[in-house]
Amino acid sequence: MNTKIGKVELRNLTIDDYQGLKESMIASYENWTGALWEKKDISRLLSIFPEGQIAILVDEKIAGCALSLIIDYSRFGDSHAFRDITGNMTFSTHSPKGDVLYGIEVFISPQFRGMRLGRRLYDARKDLCERLNLKAIVFGGRIPRFHEHADSLTPKQYIEKVRNKELYDPTLSFQLSNDFHVKKVLKNYLPGDAESQDYAVLLQWDNIYYEKETSQLAYKKSIVRLGLIQWQMRHYKDIEELFDQAEFFVDAVSGYKSDFALFPEFFDAPLMAKFNDLSEAAAIRRLAEYTAPIRDRFLNMAVTYNVNIITGSMPWVTEKGVLQNIGYVCRRNGTYEKYEKIHVTPDEQKFWGLQGGQKLQVIETDCGPIGVLICYDVEFPELSRILAQQGMRLLFVPFLTDTQNGYSRVRYCARARAIENECYVAIAGSVGNLPRVENMDIQFAQSVVFTPCDFSFPTNGIKAEATPNTEMILVADVDIELLHELHTYGAVRNLKDRRNDVYEIVYKK
C-alpha cells in the first residue's frame, strides 16, 4: 500500500479516464484478461447512466471503479448470468423505471488495497440507491479463492466457511462485511473465471428507505409525536362530565400537534361508582354499556382534533356473553380497529370474571404500523415479538396498576420490549384514588416513552417520562428512521440475529 497519499477523490467516471481505468483493470485482473472493459463499452454506459459509473482516484490516478445499471429485477429473477443482465454488453436492459441498482463491476487496483477505498465505492453505491429510491443493490460476486478449495468443498460449504470467518476470500469477505447477504449460488455466471471455477455468489443489499410509489397522497412520517395522558381518577356525575375531561386532554395533545393520544387502561372506571351497590362482576358489566358510546365519541374527536386516539381499555361483553378487556385505535381518518387483552390477571378473573381475548394484530396508521398491548400483556414477550415480526415499530401499553410493585412489572417489561424488538414503547397509566369503587381503590403510575439502547438513542433507553402520580400529559417525539438504521447497522441487532434455525414463535390464530 502506498503510504504517502495526498488526495483521495470520489466522483463520476468520464470517458477521459479510460486509459487510467484500463491500467488499473490490468493490474486488478492479471490472471483473467477476459475481465477487461473496452472503451466503447464504457462510453455506452456513460451515455445511458452516467450517475451509476463511479471512479475513485488517489493523487489523481484511477485507483478503482464501480459500474452499474438500473434494471427491472422481475424480468430476470435470481437465476441469471452476467450476459443476461447486460444484454450481451449492449446494456439494453438498463431501465430508468427499474427497481434495482445492479452492480456489473467493482474493483480496486492492488497497489491501493488496504486503504478502505472499496468501502467508499460501496457507500457511494448505497447513497445512489437511496437517492434514486431503488429497492436494493444486487450483483453477482466472484469467489476468487474458491479454486484453492474446490476439491474438498462445494460452493455452498465454501461460502459458509467464509461467512463464519473460517476461510478468507478477498471479494466475498469484503462484501459480507458491507452488509450484503447471500441470496443464491450461480453457475456459469461469468464463463472463464477460473479462480471462481465459473461460480458466482448472488448478493443483495436492501435499501431500508425504499418507498414503493403509490397513487395515493399518503406518506409515512419519520418523526412521530406521541401524547401520553396520565389520567387522574376522580368521580364524575355522569358520562358527559367524563367526556369533557377526555376531550380536554385530546384538545391539549392536539394543540401540540401530536400524532397519537394514549389513554390508560380502564380510564372510565370512575363511572362504576354509580353501580357500587352491585357486586364487582355485575358493576363492570354495567360499565361495559358505556364502551360503544365512548368509542364513537373518541372517533369523532380523532377526526375533529386530527389525532389518532388509542382509547386505553374498557370492558366489553361479547355476543356470547363473555366479558373481555378491549380498546380501540380511533384513526384521524374516521376509521377504527379493536384490540383485545390476551392475558387477564388473577384478580381480574376472580373479582370481575374477565376472560382473555384472541385477537393480536398490527394496526396500520398514517404513521406506520403500530401495536397495542394492554397492561399485563406486555409482561409476555412473545406477543410483542409477534407484532415486531409483522412490522410494528411503535408499541403502546395502556396500563392500570395499584401499587409500585405492579407498576414496576409493567415498566421494566416494557423497557425490555423496546430493546428486544427494536421499537419504541409508550406506556400510560392512571393516578389517584376511587374510594367509592370496589376493587379500584388506589392507583400508581408514571408514564414513559422507552427506546432501544444504542448510539442514536438515550443511553438509558428513556426518551421522556412523566412526574410520578401526578395528572399531566407527556409529549415526546420519536424518529422511526432511527429504528430502520438500528435494524441494519446497530451495535447489536436483536431482530436480525435471532436464531430461527433453533427456535421460533408462532401465533396460532
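None of the figures in this text is laboratory data; all of them are computed from the coordinates on show. These figures come from a predicted structure and were not determined experimentally. With ideal geometry, Cβ positions are generated from the backbone for all residues, glycine too; neighbour counts draw on all protein chains shown.
The magnitude of the dipole of the chain, with charges of +1 and -1 set on the Cβ of Lys/Arg and Asp/Glu and taken from the Cα centre, is near 760 debye. Among 365, 459, 291, the order by Cβ neighbours within 10 angstrom, fewest to most, reads 459, 291, 365. Residues within the reach of a label modelled at residue 403 (point 7 angstrom out along Cα to beta-carbon, backbone nitrogen below 13 Å), restricted to the range 419-462, are 442-444.
Shape annotation for the chain: C-alpha extents along the principal axes are 93, 48, 45 Å, from largest to smallest. Considering helices alone, the calculated mean residue ellipticity of the chain at 222 nm is -8000 deg cm²/dmol, with DSSP H runs of length four and up weighted by -39500 (n - 2.57) and normalised per residue. Between the range 219-277 and the range 368-440, the C-alpha centres lie 17 angstrom from each other. In plain terms, the residue of 268, 479 with the fewest other Cβ atoms within 10 Å comes first and the most crowded comes last, giving 479, 268. With both labels modelled 7 Å from their Cα along Cα-to-Cβ, the residue 304 to residue 389 distance reads 4.2 nm. On the basis of the beta-carbon distance and an R0 of 45 Å, residue 485 and residue 237 show a calculated FRET efficiency of 0.30. Full extension of the chain segment joining residue 210 with residue 132 gains 27.2 nm, where the gain is 0.36 nm per residue of separation less the Cα-Cα distance. Residue exposure proxy: 489, 18, 158, ordered by other Cβ atoms within 10 angstrom of their Cβ from fewest to most, comes out as 489, 18, 158. Each of 405, 321, 502 was placed along the dipole of the chain (beta-carbon charges, centred on the mean Cα), and the one lying farthest toward the positive end is 502.
Separation of the range 286-319 and the range 67-131, taken as the distance between their Cα centroids, equals 52 angstrom. The local environment of residue 475, defined by Cβ-Cβ distances under 14 Å, has a net charge of -1 under the rule Lys, Arg +1 and Asp, Glu -1. Subtracting the Cα-Cα distance of residue 148 and residue 281 from their residue separation scaled by 0.36 nm leaves 40.3 nm.
In a fully extended conformation the segment linking residue 84 and residue 467 would gain 131.5 nm over its present Cα-Cα distance, using 0.36 nm per residue. Size descriptors for the range 261-316: radius of gyration and Dmax over Cα atoms are 12.6, 40 Å. The modelled label-to-label distance for the pair residue 507/residue 438, using points 7 Å beyond Cα in the direction of Cβ, is 3.7 nm.
Provide the convex hull volume over Cα atoms per residue for the range 8-206, in Å³.
Working: hull volume 21.8 nm³, N = 199.
That works out to 110 Å³ per residue.
What shape does the range 223-489 take by its C-alpha gyration tensor, where a ≥ b ≥ c are the square roots of the eigenvalues and a/c under 1.5 counts as rounded, a/b above b/c as prolate, and the rest as oblate? Note, shape of the range 223-489 comes out prolate.
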